[in-house]
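Working notes, structure below.
The values are calculated or read from the model by the stated rules, or taken from the named source; none is laboratory data. Given the structure is predicted, the values throughout are model-derived calculations rather than measurements. With ideal geometry, Cβ positions are generated from the backbone for all residues, glycine too; neighbour counts draw on all protein chains shown. Ligands, DNA and RNA are excluded from the accessible area calculation, which covers all protein heavy atoms including side chains. Shrake-Rupley method; radii C 1.70, N 1.55, O 1.52, S 1.80 Å.
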Amino acid sequence: MTLLRCLLSCLVGLHAVQWPKPIASPSQAQAITDLISRTLDGSSAAKRFEVVLNADLAVNGKDVFELSDGSTAGSVRISASTGVAAAWGFNYYLKYVANSSVYWSGKNIRLVSSTLIPVHRTIRIAANDLYRWYGNPCTFSYSAVFWNFTRWEKEIDWMAMNGINIVYATTGMEYIYNQVFLRMGFPQSELDNYFTGPAFLAWFRMGNLQKHAGPLSSRWHQSQFQLAKQIIQRMTDIGIIPVLPAFTGFMPQTAPARFPHAKFYKSSDWVGFGCNESCLPYLDPTDPFFQTVGVALLNETITSLNLTSHYYACDLFNEMTPPNSDLQYLADVNAGIYQAMQTVDPNAVWVMQAWLFLSGFWTPVRAKSYLSKVPIGRLILLDLFSEAIPQYTRFESFYGHYYIWNMLHDFGGNSFLFGSLVNVTNGPQFARQLSGDHMIGVGITMEGINQNEIMYEFALEQSWRSAMSDEELVDWLADFATHRYGSDRPVPDTAIYAWQILGTSVYLNNPDGDRSVMLSRPELYDEQDINYDLTALFSAWELLIIASNDIQSDLFRYDLVDITKEVLQYHFYSAYTQLMSAYNQSDLYGVSTQAAILVDILGDTESILASDRRFLLGNWIRDALQFAQGEEDIHFY
């Protein structure tokens, strides 16, 4: 059988995998026209874009867009292979023709008249890969948990404009689980002890937490599922693939007693939450009952959404160790998980995080066995932290399977400034050279958004760019500043130079960031890693302050606040180390002096952050409270 499987794998490798993907249609073209209108706030300029979709433009299934002058004077034609490619082309026009831009923090749009800037010569951009991925399970808790559809609409537009064509669709899926488990005989009280509160659902979905900060109300379940339908409908209208959840095996605590014939294991105590709120039971995928539950859940999902996505997410051993290291068992686990998907959808493609492989448990032999029984071309691995700890190099490009190279960058939604432009420009190209066609995409897998926007724009551009030289990177940084701050007046050289300094210091080769002592629980002898020359940060900050006299830009204001708080936290650390030095010398006056400075810096930081709406806690509170319908809800949310 091993030889036969090898031969079959080789035969599959001789033919390009036919991945299920959305088909370009007139409705997709209209969806992109609507997106353009929303981005331009309904201005007359929006009507001057002509969107034409032509699937034949694609090259080996990879997206292509072309920008040219339109059929009438002052118009621009966007010809594209898919709806997403058309939105991507629109964003390219904004940035590189109109010196405009759209970010999480806001937008800088310079198309004020009804006549568009002509393109003159056709611009053609072809994707390097099949996919552009968005998201980490944590993103949908740390950043998006309390979004309404208006906010989701903006994010989906941003995704499409940055070429994203495949995304997790996990919002509201607890409603499905609640319905199916009720039919299986679980009372609602037991399910209330199963689901976590909204902000912790990422870790519930990955099987690490239960009931913490719960229970979820029926109103929450219903409203979130209605929101899920809107999100998924908009994604599919544009041409983004929603990746639906498949059954991992995790069930309520009472499941082993309710189904004594089935084989269950318990996950570990996750990061100290204790077994009252972690240690979930999970149904062994090799047990026949796994198929019963897994098929029921996926059927319910597809029926309730009236959608067959063909792409399904499942991560069983996330930050936990399998109960058995036997190679045959590990292979059979994944065979069982995939079988449940394939029973419901014969064209199912499993999307799996490769994050689990960072654990020391996963030797190459074990990982190879674990992946061995999922057919080649039916599994896509997300190499989650490729810019710092790539796993494809450790596991021989995942033994013939396909994967997406991702920049994780952000943990915990932290907002200090860091990144590695060098790794992000060189990494995808190296992966393509090493893995050939088995590296099929570039993505972003941040745990939280609304930070370090330069890194995400840069990462997603690697889906069509080649690796940059040092000189090309400096030029790109100048372009970034120009389309971020552009107006009728030229962007001051001081602002451009500031970003070139930041890009070649703070953001050059600093993939892990610096944990801020200011944001740590107070303690003696704390330390903070500093991975670049701080004088570069201070110089860039001073240049931006000088430039502030000549820039009237909402995005500039955001950046100035963001960089100022970074400067302040490093001054805080400097004062902290002096306080510790005085403490060690029993210098009471020195301790008192530095303590006063620390308190002053905290006050300054609070004042600076309070000066801009995008740094306010009130945004989070407001978003959470929109779901409240009474006093009890208010306290809960």
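Filtering the range 304-329 down to residues that are free of Cβ contacts under 8 Å to residues at least 60 places away in the same chain and touching a Leu at 6+ places or on another chain (Cβ under 7 Å), which residue is farthest from I380 (Cα to Cα)? Checking each candidate, the answer is P322. Pairing residues of the range 14-40 that are at pLDDT below 95 with residues that are open to solvent by less than 50 Å² (accessible area, probe 1.4 Å) and outside any loop (DSSP other than H, G, I, E, B), at Cβ distances under 6 Å and at least 6 apart in sequence or on separate chains, gives A24/L53. Within the range 350-363, residues that are in the same structural domain as M320 (by the TED database) and open to solvent by 30 Å² or more (accessible area, probe 1.4 Å) reach partners that are among the charged types (D, E, K, R) and in a loop (DSSP other than H, G, I, E, B) with beta carbons closer than 8 Å, at six or more positions or on different chains, in the pairs W355/D315; W355/E319; S359/E319. When S304 is tested against (1) buried (at least 23 other Cβ atoms within 10 Å of the Cβ); (2) in contact with a helix residue (DSSP H, G or I) (Cβ under 9 Å, 6 or more places away or on another chain), exactly one condition is not met: (1).
Scanning the range 254-280 for residues that are among the hydrophobic types (A, V, I, L, M, F, W, C), under 19 Å from F181 (Cα atoms) and loosely packed, with under 14 Cβ neighbours inside 10 Å yields one hit, A257.
Taken as a whole, the range 380-388 holds no residue that is over 30 Å from T303 (Cα atoms), part of a helix (DSSP H, G or I) and touching a strand residue (DSSP E or B) at 6+ places or on another chain (Cβ under 8 Å).
For first residues located in the range 196-221 and farther than 14 Å from H635 by Cα and modelled with pLDDT of 95 or more, partners that are open to solvent by 20 Å² or more (accessible area, probe 1.4 Å) and assigned to a helix (DSSP H, G or I) and lie 6+ apart or on another chain with Cβ distances below 6 Å form the pairs L209/F200; L209/W203; H212/F200; H221/Y175. Note on the range 495-520: residues that are within 25 Å of S469 (Cβ to Cβ) and either part of a helix (DSSP H, G or I) or open to solvent by 70 Å² or more (accessible area, probe 1.4 Å) (or both) amount to 11. Among the criteria (1) under 22 Å from M446 (Cβ atoms); (2) touching a residue at least 40 places away in the same chain (Cβ under 8 Å), the one L524 does not fulfil is (1). Enumerate the pairs (first residue in the range 385-399 and in the same structural domain as L434 (by the TED database) and free of Cβ contacts under 8 Å to residues at least 60 places away in the same chain; second residue anywhere and open to solvent by 40 Å² or more (accessible area, probe 1.4 Å) and basic (K, R)) with beta-carbon separation below 7 Å, excluding pairs fewer than 6 apart on the same chain, so at least 6 apart or on different chains. Between residues of the range 385-399 that are in the same structural domain as L434 (by the TED database) and free of Cβ contacts under 8 Å to residues at least 60 places away in the same chain and residues that are open to solvent by 40 Å² or more (accessible area, probe 1.4 Å) and basic (K, R), the close pairs are Y399/K368. Go through the residues of the range 122-145 one by one and say whether even a single one is of a type outside the set (A, V, I, L, M, F, W, C), surrounded by fewer than 21 Cβ atoms within 10 Å (Cβ to Cβ) and without any contact (Cβ under 8 Å) to a residue 40 or more places away in the chain. No, because not a single residue in the range 122-145 is of a type outside the set (A, V, I, L, M, F, W, C), surrounded by fewer than 21 Cβ atoms within 10 Å (Cβ to Cβ) and without any contact (Cβ under 8 Å) to a residue 40 or more places away in the chain.
Within the range 463-474, one or more residues are surrounded by fewer than 18 Cβ atoms within 10 Å (Cβ to Cβ), more than 21 Å from Y392 (Cα to Cα), among the hydroxyl-bearing types (S, T, Y) and modelled with pLDDT of 95 or more.
Residue under question is S268, and the condition is that it be out of contact with any Phe, Trp or Tyr (no Cβ under 9 Å at 6 or more places or on another chain), hydroxyl-bearing (S, T, Y) and assigned by the TED database to the domain that holds T139; does it hold? Spelling it out, S268 is indeed out of contact with any Phe, Trp or Tyr (no Cβ under 9 Å at 6 or more places or on another chain), hydroxyl-bearing (S, T, Y) and assigned by the TED database to the domain that holds T139. Taken over the range 548-565, the criterion of being over 15 Å from R614 (Cβ atoms) and either among the β-branched types (V, I, T) or in contact (Cβ under 8 Å) with a residue 12 or more places away in the chain (or both) is satisfied by S548, D550, I551, Q552. The criterion of being closer than 28 Å to L111 by Cα and either open to solvent by 40 Å² or more (accessible area, probe 1.4 Å) or part of a helix (DSSP H, G or I) (or both) holds for S487.
Here the range 394-411 is the region considered, the condition is being out of contact with any His (no Cβ under 9 Å at 6 or more places or on another chain) and aromatic (F, W, Y), and the residue that is most open to solvent (accessible area, probe 1.4 Å) is F411.
So that you can scan it fast, the table gives a plain yes or no per residue for (1) assigned to a helix (DSSP H, G or I); (2) β-branched (V, I, T); (3) surrounded by 20 or more Cβ atoms within 10 Å (Cβ to Cβ):
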{"residue": "A16", "(1), (2), (3)": "no, no, no"}
{"residue": "V52", "(1), (2), (3)": "no, yes, no"}
{"residue": "S68", "(1), (2), (3)": "no, no, no"}
{"residue": "G74", "(1), (2), (3)": "no, no, no"}
{"residue": "K95", "(1), (2), (3)": "yes, no, yes"}
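Would you call L417 farther than 19 Å from Y134 by Cβ, outside the structural domain of L502 (by the TED database) and not in a loop (DSSP other than H, G, I, E, B)? So L417 fails the test. The helices (runs of 4 or more DSSP H) located wholly in the range 521-637 that include 3 or more residues which are farther than 27 Å from P492 by Cα and open to solvent by 20 Å² or more (accessible area, probe 1.4 Å) occupy 554-584, 588-610, 617-625, 631-636. Of the residues making up the range 183-201, those that are farther than 21 Å from E300 by Cα, in a helix (DSSP H, G or I) and either among the aromatic types (F, W, Y) or touching a helix residue (DSSP H, G or I) at 6+ places or on another chain (Cβ under 8 Å) (or both) are P198, A199, F200.
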